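The values are calculated or read from the model by the stated rules, or taken from the named source; none is laboratory data. For clarity, every value in this text was computed on a predicted model and none was experimentally measured. Here the Cβ positions follow ideal geometry from the backbone for every residue, glycine too, while neighbour counts run over all protein chains shown. Remember, those area values only see protein heavy atoms, side chains included, never the ligands or the DNA or RNA. Shrake-Rupley method; radii C 1.70, N 1.55, O 1.52, S 1.80 Å.
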Amino acid sequence: MELQVLTTEDLEKFRKQLLTDIENLLNVKYPKKWLKTNEVMDLLGMSEVTLQTLRNKGKIPFRKLGGTVYFNAEELDQYIQQLGE
């Protein structure tokens, strides 16, 4: 196994790339205007129970049509941006 040495410059490059990647994730524009529960769970990396709790507390707006819950992609974007502040 070869030993690799990381320099301060290497760490700085990594930090900048990581920040760029996070910024790009936060600025994702969705191809769909409305997302279903499972899509939002995947996007936010949370369980159905956590998402339900956020809905119940009014933190994430949603619409219900028949038995299906839909989330507006733009409103979710605003919620994600609030988390980063």
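Filter the stretch 22-36 down to residues that are open to solvent by 70 Å² or more (accessible area, probe 1.4 Å) and in a helix (DSSP H, G or I) and give me whichever is modelled with the highest pLDDT. Ranking the candidates gives ILE22 first. Determine whether GLU39 is part of a helix (DSSP H, G or I), more than 16 Å from LEU76 (Cα to Cα) and open to solvent by less than 80 Å² (accessible area, probe 1.4 Å). No, not satisfied.
Within the stretch 68-85, the set of residues being assigned to a helix (DSSP H, G or I) and either surrounded by 11 or more Cβ atoms within 10 Å (Cβ to Cβ) or touching a Phe, Trp or Tyr at 6+ places or on another chain (Cβ under 9 Å) (or both) comprises ALA73, GLU74, GLU75, LEU76, ASP77, GLN78, TYR79, ILE80, GLN81.
Could you grab the pairs with beta carbons closer than 6 Å, sequence gap of 6+ or different chains, first residue in the stretch 46-67 and open to solvent by less than 70 Å² (accessible area, probe 1.4 Å), second one part of a loop (DSSP other than H, G, I, E, B) and of a type in the set (Val, Ile, Thr)? Close Cβ pairs (under 6 Å, with a partner that is part of a loop (DSSP other than H, G, I, E, B) and of a type in the set (Val, Ile, Thr)) amount to LEU54/ILE60.
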